[in-house]
Amino acid sequence: MTQLIAVVLNWNGGEDTLAALSSLDGIHTICVDNGSTDGSDDVVEERFPVVELLRLDTNLGFAGGNNAGIRLAFERGADWVLLLNNDAVAEPGLAAALDRAAAGRPDAGLLACKILNEDGVGVQYAGASFNARFGYSGRVSTTGPDRLRDVGRADGAALVVSRAAVERAGLLDESLFLYVEDVEWSLRIRTAGFAVVFVPDARVRHKGSAATGGPVSTTNLYYDTRNTIAVSERYAQLPAGLRGLRRAVVVGAHLVQALLHPARTEAIRAVFGGWRDARAGRLGQRSSR
C-alpha cells in the first residue's frame, strides 16, 4: 500500500468526529465537513491542525461527501483511501493490517475492515453478501475465520478503496445519497474485476446511525428501503410480476423493523415512502413533501 489517506465525513459530529480523527493519528487524514451547522468544523480546525479540512456548503449525503474527500485524496497522491465513519474509531494497527492485506491480495479493489460494537466486544460486521435477485443483503457475518477472505460486500462504516478500482468502476453513486451505496459500490467494483476482501486485523469500533439521528430516527428505514429496491433492480432485472414480488419482500422485511421501532407510525410511513419513491425512480436526497 504505497500511500493511504483517510477520509472522515463530519455531520454535526461533535465529540464523535474528534474521537474518529484522534484514532487516525499517523495517517494522512482529510475531514470532509458535510454542511455541518453545529460549529464542529471550527473545532476540528483548531484541535487537528495537521488534518486537512474540506468544507462543503451543503449536505451531499454519504456518497457525495465521501466522493469529495476521495477526489481530494487522489489529488494528494493516495493509492488507497480509507473511509471511516465519524462515529467509528480505528483500533491500533489498522494501517499496518491494511498494508499487509493490499500486498497479500493485489487483486483487491475494496478492503473491508472488521467492525466491532462501540464497546469493542461484540462484532457488527465480519463479512456479508447481497443477493440482488431476491433483494436480500444476507445475514451479516459476525463470526468466521480470522483470515483474508473474499466477501460479497463491504460495510461503509470502514472500508478502503484503491485508486485502480475507482478509475475503472467509478466513485460512490451519489443518486443513492444515504445507505446501500456501499453495497452498490461493492457490486460494481466486483463487476469491474476486483475482489472485495475482508481484513480481520483491520479493526474499528462503531456506534452506528449517528449521522441519521441515532436509533430513534426513521431516516435509515426510508433510504434503506428505497435504495435496496433500486440497487436490486439495477443488478438483477426481473419480469414485472416478479419485480413487484421482490419489492414486496423488501418492504415486508423493513416493515418488521418498523413495527419494532419506538416511533412506529413514522417508521411505517418511512418504509412506504421509500417504496413509493423507488417505484417512481425518485432518488437523491429525500424530498420534504
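The values are calculated or read from the model by the stated rules, or taken from the named source; none is laboratory data. What you see is a predicted model, and the numbers here were worked out from it, not measured in a lab. Neighbour counts run over all protein chains shown; Cβ positions are idealised from the backbone, glycine included.
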task: Test each condition in (1) surrounded by 19 or more Cβ atoms within 10 Å (Cβ to Cβ); (2) closer than 28 Å to A88 by Cα for R246 and report the one that comes out false.
output: (2)
- prompt: Does the stretch 95-132 hold any residues that are modelled with pLDDT of 95 or more, of a type in the set (D, E, K, R) and exposed (fewer than 14 other Cβ atoms within 10 Å of the Cβ), and which are they?
  reply: D107
query: R269: basic (K, R) and touching a residue at least 60 places away in the same chain (Cβ under 8 Å), yes or no?
result: no
- request: Might you let me know whether the stretch 218-229 holds any residue that is assigned to a helix (DSSP H, G or I), of a type in the set (A, V, I, L, M, F, W, C), within 30 Å of D107 (Cα to Cα) and in contact with a helix residue (DSSP H, G or I) (Cβ under 7 Å, 6 or more places away or on another chain)?
  value: yes
field: Which listed residue, of R205, R234, is assigned by TED's automatic domain parsing to the domain that holds S40 and basic (K, R)
entry: R205
